[in-house]
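Asks: I'd like to ask you about the structure that follows.
Any read-out appearing in this document is the output of simple, stated calculations on the displayed coordinates, not a laboratory observation. Since we're looking at a predicted model, the values are computed, not measured. Glycine also receives a Cβ, built like all others from the backbone with ideal geometry; neighbour counts cover every protein chain displayed.
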Amino acid sequence: MPEKLVIIGSGPAAWTAAIYAARANLNPVVYEGAISEENRLRGMLPLGQLNLTTEVENFPGFPDGIMGPELMLKMREQAERYGTKIITEDVTSADLSKRPFVLTDSAGATVVAESLIFSTGASANYLNLPSESRFKNMGVSACAVCDGALPRFRNKPLIVVGGGDSACEEGTYLTKFASTVYLIHRRDTLRASKVMADRALANPKIVPVWNSAVEEVLGDDERGMTGVRVRNLKTGETQTIDAPGMFVAIGHTPNTKFLNGQLELDDKGFVTLKDAFKTTTSVEGVFAAGDVADSVYKQAVTAAGMGCKAALDAERWLAAHEH
């Protein structure tokens, strides 16, 4: 017998979808991902990006904040409580050419599903420096909105790496908390849209560091990150910038590779939604929620909201297509 609904992912979108689907008696199956070194390096272990975050202060209902892993565990427990079946494997391939859909996982098992929700997220792009990995969540972040207001960053100089709209937006946002924001970019002009670039460069707290790249993140185990060593790409000269935080804003890569082009994607690789108010995709019976289909907001609460919508969309679609 095919499963009524399979949800792929393990972030706020996946668990919210599972909670709603389980309460609707759809008996959902969640593929939360495998526990592997490859997934660890890609930031794709079970429980999603929030499992790599420390304090979460902007999720409604937690006025004193909550640790990212604790929030995700609570969502997982809630989904499981209502009857969600959880499989700790990756989906390695999916055949969306006909219904029911056929999935193969990393254990070699095959699952057949009448409907699917993809909520596999988008992995933040990093600089791939060993020192950067060492200080993730100890000063190094890829989300200013998530982490910028933390006490360790307030009234301190901060680093933003990048030159596009995301970097300008993150840098401008961080000026609410930082004493100075050093915007480090490999070129001598920003790639951002003119309005975003002009706004950033007009901000007296933002100091551009042109033609430069971060060579090493500095710090120690006790204090975390304390600064960066930056190399000028034209002169070869290096300088140290003291700062307790570095925000990497060089884009996100949606986790859609395993789909092999079977769903329509936008020019950035995010799943295209057929209706701006729904979670329907280019394949009927397949829905998408969270960061995998969101190139704009990328927040836990918006992902959770999309997960709710995806479950309701799937429930209504299944009811309309009951044999």
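Asks: Going by average Cβ density within 10 Å per residue, which order do the peptides 90-99, 112-121, 21-30, 261-270 take, highest to lowest?
Replies: 112-121, 21-30, 90-99, 261-270
Asks: Okay, moving on. Just from its helices, what would the mean residue ellipticity at 222 nm be for the chain, if runs of 4 or more DSSP H residues each count -39500 (n - 2.57) and the sum is divided by every residue, rounded to the nearest 500 deg cm²/dmol?
Replies: Using -39500 (n - 2.57) per qualifying helix, the result is -7500 deg cm²/dmol.
Asks: A further question on this structure: Please enumerate, by chain and number, the lysines with C-alpha under 21 Å from the C-alpha of LYS274, excluding those fewer than 8 residues away in the same chain.
Replies: Correct list for LYS274: LYS98, LYS257, LYS298, LYS309.
Asks: For segment 126-248, what ratio Rg/Rh do Cα atoms give with a Kirkwood hydrodynamic radius?
Replies: Result: Rg/Rh = 0.94.
Asks: In whole Å, what is the distance between the alpha-carbon centres of segment 266-283 and segment 120-179?
Replies: Here the two parts' Cα centres lie 28 Å apart.
Asks: If you place +1 on the Cβ of every Lys and Arg and -1 on the Cβ of every Asp and Glu, how big does the dipole about the Cα centre of the chain come out, in debye to the nearest 20?
Replies: Computed charge dipole of the chain: roughly 640 debye.
Asks: Express as a percent, rounded to the nearest 5, the fraction of DSSP beta bridges in the chain (both residues included) that run antiparallel.
Replies: Within the chain, antiparallel bridges account for around 50 percent of the total.
Asks: While we're looking at this one, here's another question. Run through the DSSP bridge list for segment 1-137 and note the antiparallel percent, rounded to the nearest 5.
Replies: The answer is about 50 percent antiparallel.
Asks: Okay, next question. Check the cysteines of the chain one by one and keep only those with no other cysteine Cβ under 4.7 Å from their own.
Replies: So, CYS168, CYS308.
Asks: Could you please rank TYR297, TYR173, placing first whichever residue has the fewest other Cβ atoms within 10 Å of its Cβ?
Replies: Result, fewest neighbours first: TYR297, TYR173.
Asks: By the gyration tensor of its Cα atoms, with a ≥ b ≥ c the square roots of the eigenvalues, what is the shape of the chain: rounded for a/c under 1.5, prolate for a/b over b/c, or oblate?
Replies: Because a/c hits 1.5 or more and a/b exceeds b/c, the chain counts as prolate.
Asks: Still on this structure, I have one more. Over segment 126-248, what is the relative contact order in percent, taking alpha-carbon pairs closer than 8 angstrom and at least six residues apart?
Replies: For segment 126-248, the relative contact order is 30 percent.
Asks: Can I ask one more? Determine, for SER133, SER166, the number of other Cβ atoms within 10 Å of each Cβ, and report the residues in order from fewest to most.
Replies: Starting with the residue having the fewest Cβ neighbours, the order is SER133, SER166.
Asks: Got a sec? How would MET1, MET138 order by Cβ neighbour count within 10 Å, fewest to most?
Replies: With the sparsest Cβ surroundings first, the list reads MET1, MET138.
Asks: Counting DSSP beta bridges in segment 158-265, what percent are antiparallel, to the nearest 5?
Replies: Percent antiparallel among DSSP bridges in segment 158-265 is about 50.
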